[in-house]
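> Handing you a structure now.
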Amino acid sequence: MPRIAIEDSNRMSLRVSREAKSRIVRAASLRRADMTNFVTQAALREADAVIAEAERITLSERDRAKILDLIENPPTPNAKLRAVLAAMPILK
């Protein structure tokens, strides 16, 4: 799993080409937004999409059927599982 970058400041510096900055400024003005807000909103949309994709689990039809079957018909606990459960503290 990738490490999460943590900074103390709310500031972020970016270096972009002159052409990229020009396009960003133009797009921001068309949206009647300042550049900071425009870039932040675009970056947050992309961040949300990346996070959603990373957290989504896609199952094949066979795997989905297997999981549903295990939920509906769980296997009988074996000796190892019974030993682990017996060793767990009782929560009150």
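> Considering the options Phe38, Ala52, Pro74, tell which one lies farthest towards the positive end of the dipole of region 18-87, charges being +1 on Lys and Arg and -1 on Asp and Glu at the Cβ, about the Cα centre.
Phe38
> A further question on this structure: Could you tally the net charge around Ala49, taking each other residue with its Cβ under 12 Å from the Cβ of Ala49, Lys/Arg +1 and Asp/Glu -1?
Local charge sum for Ala49: -2.
> Please work out the FRET efficiency for the pair Ala20 and Thr58, using the Cβ-Cβ distance as r and a Förster radius of 35 Å; give the result to the nearest 0.05.
E between Ala20 and Thr58, to the nearest 0.05, is 0.55.
> If you filter region 5-58 for GluC sites (Glu not before Pro), then keep DSSP loop positions with at most 10 other Cβ within 10 Å, what is left?
Counting only loop positions with at most 10 other Cβ atoms within 10 Å, the GluC sites (Glu not before Pro) in region 5-58 are Glu7.
> Taking 0.36 nm per residue of sequence separation and subtracting the Cα-Cα distance, how much length would be gained by fully extending the chain between Met35 and Glu72, in nm to one decimal?
Gain on extension, Met35 to Glu72, equals 8.0 nm.
> To continue, here is another question. Where nothing but the Cβ of Lys and Arg (+1) and of Asp and Glu (-1) is charged, how large is the charge dipole of the chain around its Cα centre, in debye to the nearest 20?
My answer is approximately 300 debye.
> Shape call for the chain from the C-alpha gyration tensor, a ≥ b ≥ c root eigenvalues: rounded (a/c under 1.5), prolate (a/b greater than b/c) or oblate?
Prolate shape, in that a/c is at least 1.5 and a/b is the bigger ratio.
FYI, it's all coordinate maths here, none of it is from the lab. Computed from a predicted structure; not experimentally measured. Please note: Cβ atoms are built from the backbone with ideal geometry, for glycine as well, and neighbour counts cover all protein chains shown.
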